[in-house]
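Colleague: Got a structure for you, questions after.
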Amino acid sequence: MATIFSKIAAGEIPCYKVAEDEHYFAFLDINPMAKGHTLVIPKHEVNYMFDLDEEEYAGLWAFARKVAMALEQAVPCKRIGVAVLGMEVPHCHIHLVPLQTEKDMKFGNKVSVPAEEMQAIADAIAAKM
Ligand code: 5GP
């Protein structure tokens with residue numbers, strides 16, 4: 001059965017899309033811990049990051065780097081924090097989180113961002129890609 005993230009990448013479930021190419025996809029986390037919190041996934045469904053083959057692993061991080069560079073231009077921050085957990089969704093993903101302080105990178109923290117602002121943030125990141 002397809003993961004929720006595969007369904008998002010396939011356009012079957014809506015998301016605030018940031019970027020995609022043939023192999024990778026980036027979209028805003030629906031429960032952001034900071035404004036601009038973005039998830040980057042391989043379209044190929046693999047649960048555990050370190051089960052990706054070397055080429056796909058390197059490609060995912062290269063794509064995430066491009067997204068992070070766009071994200072830090074679009075969302076005011078000191079730097080982009082990076083994390084990989086995968087405790088909730090069994091489809092590997094990189095969390096990119098714009099940080100003002102280290103406290104912004106706290107799992108369990110949630111900021112409330114209205115839908116229009118989520119869309120505006122996604123559009124602003126996409127425009128910097
Ligand atoms: P993890 O698996 O790394 O522990 O966390 C999964 C992340 O995916 C969480 O930050 C959660 O908010 C996010 N998430 C879970 N379901 C959805 C969804 O349907 N859409 C989006 N955009 N994000 C989701």
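Colleague: So how exposed is R65, as accessible area in Å² (1.4 Å probe, rounded to 10)?
Modeller: Around 150 Å² of this residue is reachable by solvent.
Colleague: Looking at this model, which pairs from K78/K110; K7/K78; K35/K128 are more than 26 angstrom apart at the alpha-carbon? Let's see the in-between values first.
Modeller: Values: K78/K110 19 Å; K7/K78 33 Å; K35/K128 16 Å.
Listed pairs above 26 Å: K7/K78.
Colleague: Explain nothing, just the number: dipole magnitude of the chain about its Cα centre with +1 on each Lys and Arg Cβ and -1 on each Asp and Glu Cβ, in debye rounded to the nearest 20.
Modeller: So the dipole magnitude of the chain works out to roughly 600 debye.
Colleague: Then there's this: As a test of reading the structure, rank K66, K78, K43, K17 by solvent-accessible area (1.4 Å probe, protein chains only), most first.
Modeller: I get K78, K66, K17, K43, largest accessible area first.
Colleague: Please report, as a whole percent, how much of the solvent-accessible surface of the chain comes from carbon and sulfur atoms (probe radius 1.4 Å).
Modeller: On the chain, the fraction of accessible area on carbon and sulfur atoms equals 53 percent.
Colleague: Using a cut-off of 13 Å between alpha-carbon atoms, which aspartates and glutamates can reach K66, once sequence neighbours fewer than 8 places away in the same chain are excluded?
Modeller: List returned: E20, D21.
Colleague: Another question about this same structure. Once you put a point 7 Å from the Cα of A120 and another 7 Å from the Cα of I13, both along the Cβ direction, what distance in nm separates them?
Modeller: Output for this residue pair reads 2.7 nm.
Colleague: For the chain, what is the relative contact order in percent, using Cα pairs closer than 8 Å and at least 6 residues apart in sequence? Walk me through the intermediate numbers first.
Modeller: Working: 224 pairs, mean separation 40.6, N = 129.
Reported as a whole number, the value is 31 percent.
Colleague: Using the charge dipole of the chain (Lys, Arg: +1 at Cβ; Asp, Glu: -1 at Cβ; taken about the Cα centre), state which of F63, I41, N109 has its Cα farthest towards the positive end.
Modeller: The residue sitting most towards the positive pole is N109.
Colleague: Can you list the residues, at least 5 places off or on another chain, whose amide H is less than 5 Å from the amide H of G81, using H built in the peptide plane?
Modeller: Under 5 Å from the amide H of G81: V97, L99.
Colleague: Ignoring ligands, DNA and RNA, what accessible area per residue does segment 1-85 give at 1.4 Å, in Å²?
Modeller: It amounts to 56 Å² per residue over segment 1-85.
Colleague: Taking a cut-off of 15 Å, what percent of all Cα-Cα pairs in segment 18-86 are separated by more than that?
Modeller: Of all Cα-Cα distances in segment 18-86, 53 percent exceed 15 Å.
Colleague: What area, in nm² and to one decimal, does the C-alpha convex hull of the chain cast on average over all directions? Could the numbers behind the result be given before it?
Modeller: Details: hull surface 29.6 nm².
It is 7.4 nm².
Colleague: If each DSSP helix of 4+ residues adds -39,500 (n - 2.57) and the sum is divided by the residues in the chain, what number results at 222 nm, nearest 500 deg cm²/dmol? If you can, show how the numbers build up before the last one.
Modeller: Details: 3 runs with 41 residues, N = 129.
Result for the chain: -10000 deg cm²/dmol, rounded to the nearest 500.
The values are calculated or read from the model by the stated rules, or taken from the named source; none is laboratory data. Note that the structure is a prediction, hence the values are computed from the model and not measured. Backbone-built Cβ (ideal geometry, glycine too); neighbour counts: all protein chains shown. Surface accessibility is based on the protein's heavy atoms, side chains included, excluding ligands, DNA and RNA. Shrake-Rupley method; radii C 1.70, N 1.55, O 1.52, S 1.80 Å.
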